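Single-structure report; data block below.
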Amino acid sequence: ISKNGEAQESVLGEDEVEFPIGRIHSTPMVDISVLKHGNIGTLMDIQKAAATEIRKELDKRTISVISAAVPAENTVTITSGGKLTEDALNEALSILEDLELAASTIIMRGARFNDMRSWEGIDPQTKYELRVKGIYKVYGGANILTTAAANLAEVLIVPDEEVGKWAIREKLSVDSVSKALKFKTGWLAWMECAQGITRPELLTKVVIQP
């Protein structure tokens, strides 16, 4: 922004970044008799299991990338007690507020969500929201996402701004696989993608030490 009245040109979106490509796959196999006798139920179960396996791996990698990108100055550390505290979470949220941003999602393990249930002094509406059934809950206007893919010792906070890129080199594909000598047949579900953070300064996290 110019301070002397002269117009200055600002070009956005021209930076080029390169992220490492990773392959994610699932290979469900079944006995050939399942296909021979047309056991549709079993085939549907296998399809769901493969989709779940790929989703969990994507979640794990995404959370790992976000966690590694958080700068030290945006990290709030709890040094005693081994539990998530209200003060620590509010401090992490305030880092985003100082940047004039709002938190969009708070990512944590279920055990950390249990810590929140025991907090004293939170308003009745927040208490109600914390007890609502479902994967998402709400705190401070941000959705809480509990997932087994999260690190038990961390709580990640993502703002309502784009912080990175998810590039897909090969879309999800399914190829048949046959192991005739083992009387097995199945499918290889796979994709190639890259995940990376381009704006780490917009991320915060709470680290819980034992």
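The values are calculated or read from the model by the stated rules, or taken from the named source; none is laboratory data. If you're wondering where the values come from, they're calculated on a predicted model, not measured in any experiment. With ideal geometry, Cβ positions are generated from the backbone for all residues, glycine too; neighbour counts draw on all protein chains shown. We work out accessible area using only protein heavy atoms, side chains counted, and drop any ligands, DNA or RNA first. Shrake-Rupley method; radii C 1.70, N 1.55, O 1.52, S 1.80 Å.
Among the conditions (1) outside any loop (DSSP other than H, G, I, E, B); (2) in contact (Cβ under 8 Å) with a residue 60 or more places away in the chain; (3) surrounded by 20 or more Cβ atoms within 10 Å (Cβ to Cβ), V65 misses just one, which is (3).
Do we find that S94 is over 18 Å from the mean Cα position of the chain (by Cα) and under 19 Å from L152 (Cα atoms) in this structure?
So S94 does not fit the description; no.
Within region 68-96, if we keep just the residues that are aliphatic (A, V, I, L, M) and open to solvent by 40 Å² or more (accessible area, probe 1.4 Å), the residue that is farthest from G22 (Cα to Cα) turns out to be A72.
Scanning region 47-57 for residues that are surrounded by fewer than 16 Cβ atoms within 10 Å (Cβ to Cβ) and of a type in the set (A, V, I, L, M, F, W, C) returns A49, A51.
On the stretch given as region 17-37, residues that are open to solvent by 100 Å² or more (accessible area, probe 1.4 Å), in contact (Cβ under 8 Å) with a residue 40 or more places away in the chain and within 16 Å of V65 (Cβ to Cβ) total 2. When the test is whether a residue is touching a Gly at 6+ places or on another chain (Cβ under 9 Å) and open to solvent by 80 Å² or more (accessible area, probe 1.4 Å), A103 does not pass it. In region 78-94, the residues that are at positive phi reach residues that are of a type outside the set (A, V, I, L, M) and open to solvent by 50 Å² or more (accessible area, probe 1.4 Å) with C-beta atoms within less than 7 angstrom, at least six apart or across chains, in these pairs: G82/P210. Quick check on A189: is it in contact with a strand residue (DSSP E or B) (Cβ under 7 Å, 6 or more places away or on another chain) and within 30 Å of E100 (Cβ to Cβ)? No. Among the residues of region 146-170, the one identified as β-branched (V, I, T) and within 19 Å of R23 (Cα to Cα) is I168. Scan region 79-116 for residues that are of a type outside the set (G, A, S) and either in a helix (DSSP H, G or I) or more than 22 Å from V138 (Cβ to Cβ) (or both) and the total you get is 16.
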